[in-house]
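Only one structure is covered here, and it is reproduced in the block below.
The values are calculated or read from the model by the stated rules, or taken from the named source; none is laboratory data. What you see is a predicted model; the values in this text were computed from it and never measured. Using ideal geometry, Cβ is built from the backbone for each residue, glycine included, and neighbour counts are taken over all protein chains shown.
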Amino acid sequence: MSTYRLHPIDETSRARLAEQGLTLSLVDGLDDSESGVARYDAWTQADGRGFYLDRAADDALAFHRAGVGDRRTTGVWDDATPATLEPVATINSWPTELSVPGGRTTTGWAISSVTVAPTHTRRGIARSLLEAELRTASALGAPVAILTVSESTLYGRYGFGPAVLATDWVIESRRARPLRRRTEAGRVEFISLKDFRSEVAALHERVRAERPGEIAVWASRWDQIAGLAPAQEAEAKKLRAVRYLDADGVVQGVVIYTVSGGEQDFTEHRVDVKYLLDATPAASAALWGFVVELDLVREVTARLRSVDEPLRWMLADFRAAKVSTIEHEYVRVLDVVAAFEARGYSAAGSLAFEVTDPHGFADGTWLVEADAAGTATVRAVDEAPAGVPLLSLGVPELSSLYLGGVSAATLAAAGRVHERTPGDAVAADALLRSPVPPHLSVWY
Ligand SMILES: CC(C)(COP(=O)(O)OP(=O)(O)OC[C@H]1O[C@@H](n2cnc3c(N)ncnc32)[C@H](O)[C@@H]1OP(=O)(O)O)[C@@H](O)C(=O)NCCC(=O)NCCS
């Protein structure tokens, strides 16, 4: 997949957009000629405009180019305004390691920066871009495409299904503390934002394979989380970073947070946890204990936590936290054999899927046979063998099941999956569910 960046543009979408006087074209973010840089920077400005960001200054443009200029970058230009450098639509993509159940990884075709200028919406431009991405990813052999979303309703039509849920937390500190937690002979200490930046990246690399849904986070995203990117100066002044070291002095967790409020009443501060990563239960207990037990704080908020966040069970009062669930990471299965052979299984057994995929990639009947080691062989069959649990479902539902965090029984109860025989979904879950609930700790 090394040539993915400049792999030729999808002809079907190019022709469809050309009929409307629109040009679909690649942008080379590594072209450092004056015109190449100007073209890429104009693409970045259009991307930022789509998400209502401030217009980027020169340092922010350079940061963006250095950070994500190596992705496959695509834009759409309106032929009616040939002098305008800024495209009317943007998208980018890159193959990344995606953690899947069983401590394994596969390649996910990550898609980001999907924007269409408000002057050009609702005429099928996003559809052309997304379908081009899926065809390109499939042609280059990606087992699945993946993305995070601004709105839930956008991507089901292209076969994406929510596969990773996340929880957002509002914790009433006074009711929550003291946390019920075991204490170990580790310690917490403040660190600089720069140290946080390098330690969080290293720790994430250490643990991500064990956490289905996580991806290989790119360097400039860590800069942004640490408040070290251009235009973050004001925010960075508010950020505090802390690490947890175990008894052997090994870093096992980090947290970065802000404290605000308290102007009228000093006891009414609010803590916002921007990112907390723990590699061990002791690190989780120590870092949550640290933020929830800060003096003069009324409320702690945190986002994108796992659905299985152990903090719930540490609170002095179970009702001290309000937890809401969102769908966070979406998966789109493109190659059923490659995708389902890449992941691990929780039990030995067989299972069949009868998949409807209007785009064709995953359409058909597929037999999954997992052995006792949790490794499966997958093949297309004309018909599911008798006696094997069989689920009939659309590709969004198949994709939701992929990371083992969504229950087939739940989808069957919701009418989203059809069982050949009652009990087939429960049998499927025995194979598919991951003991570690999928979690994705960043946006992309
Ligand atoms: C969302 C966005 C990319 C859609 O672009 P677009 O070119 O108008 O979309 P299309 O005309 O190709 O529409 C494709 C389908 O999506 C639907 N759709 C488009 N925008 C939608 C929205 N905001 N909510 C729900 N459905 C939407 C259309 O009805 C159409 O449905 P259909 O093909 O089933 O009939 C564009 O509105 C945008 O840039 N929004 C701001 C940035 C953003 O949210 N990007 C998504 C990041 S994850």
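Determine whether segment 300-317 contains at least one residue that is more than 22 Å from P435 (Cβ to Cβ), in contact with an Asp or Glu (Cβ under 7 Å, 6 or more places away or on another chain) and not in a helix (DSSP H, G or I).
Filtering segment 300-317 down to residues more than 22 Å from P435 (Cβ to Cβ) leaves 300-303, 315-317.
From what is left, the residues that are in contact with an Asp or Glu (Cβ under 7 Å, 6 or more places away or on another chain) are 301, 303.
From the residues that got through so far, the ones that are not in a helix (DSSP H, G or I) too are 301, 303.
The answer is yes, given that some residue of segment 300-317 is more than 22 Å from P435 (Cβ to Cβ), in contact with an Asp or Glu (Cβ under 7 Å, 6 or more places away or on another chain) and not in a helix (DSSP H, G or I).
Give the residue, chosen from A66, A83, that is without any contact (Cβ under 8 Å) to a residue 12 or more places away in the chain, surrounded by fewer than 22 Cβ atoms within 10 Å (Cβ to Cβ) and more than 12 Å from the ligand (Cβ to nearest atom).
Values: A66 fails: without any contact (Cβ under 8 Å) to a residue 12 or more places away in the chain.
After ruling out the rest, the residue left standing is A83.
Limited to segment 224-240, what total is found for residues that are surrounded by fewer than 17 Cβ atoms within 10 Å (Cβ to Cβ) and hydrophobic (A, V, I, L, M, F, W, C)?
3
In segment 36-50, how many are under 15 Å from V116 (Cβ atoms) and without any contact (Cβ under 8 Å) to a residue 60 or more places away in the chain? If you could, list the steps in order and put the result at the bottom.
Initial filter on segment 36-50 (under 15 Å from V116 (Cβ atoms)): 43, 45-50.
Next, from what is left, pick out any that are without any contact (Cβ under 8 Å) to a residue 60 or more places away in the chain: 43, 45, 48.
The number of residues fulfilling the criteria is 3.
Which one is farthest from A286 (Cα to Cα) among residues in segment 176-208 that are more than 27 Å from the chain's Cα centre (by Cα) and among the basic types (K, R)?
Step by step, filter segment 176-208, then rank; the result is R177.
Check off (1) in contact with an Asp or Glu (Cβ under 9 Å, 6 or more places away or on another chain); (2) among the small types (G, A, S); (3) within 12 Å of the ligand (Cβ to nearest atom) for G108 and give me the number that stays unchecked.
(3)
Can you name the strands (runs of 3 or more DSSP E) wholly within segment 114-215 that have at least 3 residues being more than 24 Å from T44 (Cβ to Cβ) and either away from the ligand (no atom under 16 Å from the Cβ) or in the same structural domain as L403 (by TED's automatic domain parsing) (or both)? Spell out how you get there, then give the answer.
Numbers: elements: 144-148, 161-172, 187-191.
Ranges flagged: 161-172, 187-191.
Just to be sure I understand, how many residues within segment 24-35 are touching a helix residue (DSSP H, G or I) at 6+ places or on another chain (Cβ under 7 Å) and within 15 Å of A126 (Cα to Cα)?
1
Take the conditions under 19 Å from R208 (Cβ atoms) and either touching a Pro at 6+ places or on another chain (Cβ under 8 Å) or hydrophobic (A, V, I, L, M, F, W, C) (or both) and apply them to A286. Does it pass? So that I can check it myself, show each step before the final result.
On the way: under 19 Å from R208 (Cβ atoms): no; either touching a Pro at 6+ places or on another chain (Cβ under 8 Å) or hydrophobic (A, V, I, L, M, F, W, C) (or both): yes.
Against the criterion (under 19 Å from R208 (Cβ atoms) and either touching a Pro at 6+ places or on another chain (Cβ under 8 Å) or hydrophobic (A, V, I, L, M, F, W, C) (or both)), A286 does not qualify.
Got a sec? Which of R221, R305, R243 is surrounded by 19 or more Cβ atoms within 10 Å (Cβ to Cβ), among the basic types (K, R) and under 17 Å from V442 (Cα atoms)? Write out each step before concluding.
Values: R221 fails: surrounded by 19 or more Cβ atoms within 10 Å (Cβ to Cβ); R243 fails: under 17 Å from V442 (Cα atoms).
R305 is the lone residue from the list that is surrounded by 19 or more Cβ atoms within 10 Å (Cβ to Cβ), among the basic types (K, R) and under 17 Å from V442 (Cα atoms).
When segment 382-400 is examined, which residues are found to be surrounded by 18 or more Cβ atoms within 10 Å (Cβ to Cβ) and of a type in the set (D, E)?
Passing the criteria: only E397.
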